[in-house]
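Notes follow once the structure below has been shown.
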Amino acid sequence: MRNLKFTAATLLLLTSAACEKELDFKYLDIEPLTVIEGELTPDGARIGITLTTPMDEPMNRSRLTDAAVSITDLTDGSAEFLSPDADGFYTSSTPGIPGHRYRLAVERLGSRYEAETMMYPPVEILSLEFNWIHMPYDDVAVLQSRFTDNPATDGDCYWVKLFRNGEIYSWAEMDDRSAVDGVCTYFTMTSRRDTDEEDDDEVLFDGDVMTCTVSAITREMHDYLEALQNDSNGPAMFTGDRCLGYFTATSPVSAEITFRPDEIPEYE
């Protein structure tokens, strides 16, 4: 067997900052697979196309620019072909519209790949705050975000991304099973109080700005992200010829908070 590896950008394509998670895939001795990573937002579309890399070769994240890429609004019937920019991303400034359904089509070297998704309206972030919680080894700053959820529907899914000073810090997928009275709560442990004992990837310093971005996503995208967290390819999101990757249409909203350890209250 031959090993192939694919770096999944969690994030973006996904908001112009990438959270790289190296995944290992085992296949028979085959040619590299196409990887498509795309997002449509109210600001437009951004699609990246790469190839998987054999595990015994250096990672190659060069973007392919020889494809025909189009996005069709299945709700109103309009379609647009995208062109690659200087960074190799296929882009469009045409905004996505909440409530509309979209199809991404990619054709390259005789192969065709298609994915469809719904674009949901934005949520509202109600609060973003830190609290110190006491753990046996140290106090830990927990970051908590509360945002709106539609109580009239079940199974709503969300993608929460945290950025530290503009760089991706962590991300997670969640659904509305824990929502109470139309409010979802997301929380995650961040930095220990004793920064000398903290991992460099997680440590926060006084003045660091944390930005929380929340996007409503489809159940299919939720399951794809959940699989990535478990070191899996995830369910196939494209029909047609075989490829890896995702296509999502989101209306992200953000809030930010400055880390001030001396001002954080103790959790009661």
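A few comments on the model shown:
- Taking only the Cα atoms of segment 45-134, the ratio Rg/Rh comes out at 1.14, with Rh defined as the Kirkwood radius.
- Most fluctuating residue given options Ala152, Ala115, Ala172, as computed from a GNM of the chain linking Cα atoms under 10 Å: Ala152
- Evaluated over segment 140-268, the Cα radius of gyration and Dmax, each in Å: 16.7, 55
- Estimated vicinal HN-Hα couplings, Hz - segment 225-231 in sequence order (Karplus 6.51, -1.76, 1.60; Gly, Pro = x): 5, 4, 5, 4, 4, 9, 6
- The chain: most fluctuating residue of Ile36, Ile257, Ile97 per GNM, C-alpha cutoff 10 Å: Ile257
- Beta-bridge orientation, the chain: approximately 90 percent antiparallel, per DSSP, counting only bridges with both partners inside.
- Alpha-carbon centroids, segment 102-129 and segment 132-151: separation in whole Å: 29 Å
- As a rough footprinting exposure proxy, the listed residues Glu129, Glu266 were ranked by other beta carbons within 10 Å of their own, and the order from fewest upward is Glu266, Glu129.
- For the chain, calculated [θ]222 nm from helices alone, where every DSSP H run of n ≥ 4 adds -39500 (n - 2.57): -1000 deg cm²/dmol
- Stokes-Einstein D in µm²/s, Kirkwood radius over Cα pairs - segment 85-143 at 37 °C with 0.692 mPa s viscosity: 197 µm²/s
- Over the chain, Cα pairs under 8 Å with separation of 6+ residues give a relative contact order of 20 percent.
- Net lengthening on full extension, Asp87/Thr75 (0.36 nm per residue, minus Cα-Cα): 1.3 nm
- Note on the chain: dipole from Cβ charges, positive end direction compared against Thr153, Met237, Ser191; the farthest Cα belongs to Met237.
- Potential lengthening between Val180 and Asp201 on full extension [0.36 nm per residue; Cα-Cα distance subtracted]: 4.3 nm
- For segment 66-77, the Karplus equation 6.51 cos²θ - 1.76 cosθ + 1.60, evaluated at θ = phi - 60°, returns couplings of 10, 9, 9, 10, 9, 10, 10, 7, 6, 7, 10, x Hz by residue, with Gly and Pro reported as x.
- Remark: spin-label model distance Thr188-His100 equals 3.1 nm, labels positioned 7 Å along the Cα→Cβ axis.
- Close amide H contacts of Asp156 (hydrogens built in the peptide plane, cut-off under 5 Å, sequence separation of 5 or more or a different chain): Asp176.
- Which of Met221, Met189 has the fewest Cβ neighbours within 10 Å, and the rest in rising order: Met189, Met221
- Gyration tensor (alpha-carbon) shape descriptor, segment 202-268, a/c threshold 1.5: prolate
- Residue-by-residue Karplus 3J(HN,Hα) for segment 191-199, coefficients 6.51, -1.76, 1.60, Hz, glycine and proline x: 9, 6, 5, 8, 5, 5, 9, 8, 5
- Among (1) 37, 21, 17; (2) 34, 23, 16; (3) 61, 22, 16, the entry derived from the coordinates for semi-axes √(5λ) of the Cα gyration tensor in Å: (2)
Read the figures in this text as sums done on the coordinates, not as results from a lab. Keep in mind the model is a prediction, meaning the values are calculated, not measured. Cβ: placed from backbone, ideal geometry, glycine included. Neighbour counts: every protein chain shown.
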